[in-house]
Amino acid sequence: MHLSSKHLLGIRDLHREDITLILDTARQFKDVLQRPIKKVPSLRDVTIVNLFYENSTRTRISFELAEKRLSADTINFSASGSSVSKGETLLDTVNNILSMKVDMVVMRHSATGAPHFLAQHIPAAIVNAGDGINEHPTQALLDALSISERLGGLEGKKVAIIGDIMHSRVALSNIYLLKKMGAEVTLAGPPTLIPKYIRESFGVNVTYNIREALEWCDVANVLRIQLERQNQVLFSSLREYNHAYGISKKLLDSLDKEILIMHPGPINRGVELDSDVADSGQSIILDQVENGVAVRMAVLYLLSGRKESTS
């Protein structure tokens, strides 16, 4: 089976069948990752460039590890210390890399739509590793796999996305995916961090009360406050945010049910999540990290068009 697109630019572009195929393939690769020898020759002789114009630790390492597990040849590129700092354009940079016969480009960029621009101008397959405040598709896919493993699927599940919705590409990709797969979504956070149009445009619920969201949901996906993307004061202080919207063990224990806690990282401990919540048995944050490698292996494998077995 193949994906309906040559690229992975966003969840918005995927069909439900594409999402199912990626998650099923990721489960196969997760089995591979449990073996003593965790490497398969699926992408031998395929060259992948990791093109990161924004700082990244988890996503970049996860993609690099996925590529190594698939036996791909990799090139790592960061904008700092490159010709970009001398004024080279994005298209020139990529064309120079493609002259080295690169097959795929994994790209993170601060500008919304940068991966889409590349996809229109170069022949290599493009994987969006995060573009501006638009989308982060592989994060949504690994979140979906993590929920499915714990709850047996996504259909009918209630997921609360809590925090800085306004500046989060993770939130947008998760909303697209969860809605496509039949889950219910509620957004929660301060009114200044939730776009006014989002309820009608995306068919989601909105609440400004954290307890209401937690009492409703099966899963709480808690987002980082992205101070670096905020060009104005949107709440009084981090201390006040924690008091109103932070999740503590005391708050979770006061609910009449046990819910799952997720976070895409990095965690601002003591702001959106207390440490005793992030490290608790209800947290599946480390599951997300593990599933990230398998999901990214699946995406790269499927986009490569290779027909070899993943076993």
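Taking the stretch 262-302 as the region of interest, how many residues are of a type outside the set (S, T, N, Q) and over 17 Å from residue 130 (Cβ atoms)?
Step one: of the stretch 262-302, the residues of a type outside the set (S, T, N, Q) are 262-267, 269-274, 276-279, 281, 284-287, 289-290, 292-302.
In the following step, the residues that additionally are over 17 Å from residue 130 (Cβ atoms) were identified as 262, 267, 269-274, 276-279, 281, 284-287, 290, 294, 297-298, 301-302.
The total comes to 23.
Being in contact with a Gly (Cβ under 7 Å, 6 or more places away or on another chain) and farther than 21 Å from residue 16 by Cβ is the filter here, so list the residues in the stretch 170-190 that pass it.
The answer is 189, and nothing else.
Could you count how many residues in the stretch 146-165 are assigned to a helix (DSSP H, G or I), buried (at least 24 other Cβ atoms within 10 Å of the Cβ) and among the hydrophobic types (A, V, I, L, M, F, W, C)? Break it down stepwise before answering.
Start the filter on the stretch 146-165 by keeping residues that are assigned to a helix (DSSP H, G or I), which leaves 146-151.
Filter once more, keeping what is buried (at least 24 other Cβ atoms within 10 Å of the Cβ): 146-147.
Imposing the further condition that a residue be among the hydrophobic types (A, V, I, L, M, F, W, C) reduces the set to 147.
So the count comes out to 1.
Those residues that are under 21 Å from residue 137 (Cβ atoms) and crowded, with 22+ Cβ neighbours inside 10 Å, I need them from the stretch 174-198; list them, please.
174, 175, 177, 178, 183, 185, 187, listed by residue number.
Quick test for you: out of 107, 100, 1, pick the one residue that is of a type in the set (A, V, I, L, M), within 16 Å of residue 303 (Cα to Cα) and surrounded by fewer than 21 Cβ atoms within 10 Å (Cβ to Cβ). Spell out the reasoning first.
On the way: 107 fails: surrounded by fewer than 21 Cβ atoms within 10 Å (Cβ to Cβ); 100 fails: within 16 Å of residue 303 (Cα to Cα).
Result: 1 is the single residue among 107, 100, 1 that is of a type in the set (A, V, I, L, M), within 16 Å of residue 303 (Cα to Cα) and surrounded by fewer than 21 Cβ atoms within 10 Å (Cβ to Cβ).
So, in the stretch 258-277, exactly how many residues are among the small types (Gly, Ala, Ser) and buried (at least 20 other Cβ atoms within 10 Å of the Cβ)? It would help to see each step written out before you state the result.
Of the residues in the stretch 258-277, the ones among the small types (Gly, Ala, Ser) are 265, 270, 275.
Filter once more, so that each one left must be buried (at least 20 other Cβ atoms within 10 Å of the Cβ): none.
Residues meeting the conditions: 0.
Each reported figure results from applying straightforward, stated rules to the coordinates on display, with no laboratory input. Worth saying up front: this structure is predicted, and the values here are computed from it rather than measured. Cβ: placed from backbone, ideal geometry, glycine included. Neighbour counts: every protein chain shown.
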